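Reviewing the structure listed below.
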Amino acid sequence: NGPSDPRASNNDCRNSAPTCSNYGYAIDVFAAAGSPVYIPRVLGQSLTWSCGFAFENGGGTAGNTYICRSDQYTLIFTHLTNNARVSTINSGEKFGELYPLGGGPHVHIEFAINGQFVKPEDYFCSI
């Protein structure tokens, strides 16, 4: 059971855990290195996102961070390989792959509405 795959009727966030409070609201979804990461639906709605590279984590030793925006929504994905799509992408499409991070490959997801961070699982997980 890998990262959130919204091609099904609902997004699936199995193997996930809320992160520490010092990150604000975020969720980590664990799976094997190289597992695909898909752009989620928001409250069941498919959206079109503009995604781009943000920065390397730990000088590239902990994967890369990408930021995606759609109207009032902002998604931040961390710990992806360097082959993530940096373009316009729709909910349900493959965005990238998990970086082989020591200690457990996972995608770290942060989500904001109008710049205010909220709990991602409240908007795109059916656990």
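The values are calculated or read from the model by the stated rules, or taken from the named source; none is laboratory data. It should be emphasised that the depicted structure is a prediction, and the values quoted were computed from it without experimental measurement. A quick note on method: Cβ atoms are made from the backbone with ideal geometry, for glycine too, and the neighbour counts reach across all protein chains shown. The accessibility values were calculated without ligands, DNA or RNA, using every heavy atom of the protein model including side chains. Shrake-Rupley method; radii C 1.70, N 1.55, O 1.52, S 1.80 Å.
Just a few scattered comments:
- For the stretch 23-127, accessible area per residue (1.4 Å probe, heavy atoms of protein chains only), Å²: 46 Å²
- Take each peptide in 65-75, 80-90, count the other Cβ atoms within 10 Å of every residue, and average; sorted highest first, the result is 65-75, 80-90.
- Put simply, when 57-63, 101-107 are sorted by average Cβ atoms within 10 angstrom per residue, most first, you get 101-107, 57-63.
- Three-way shape call for the stretch 69-127 based on the alpha-carbon gyration tensor, with the a/c threshold at 1.5: oblate
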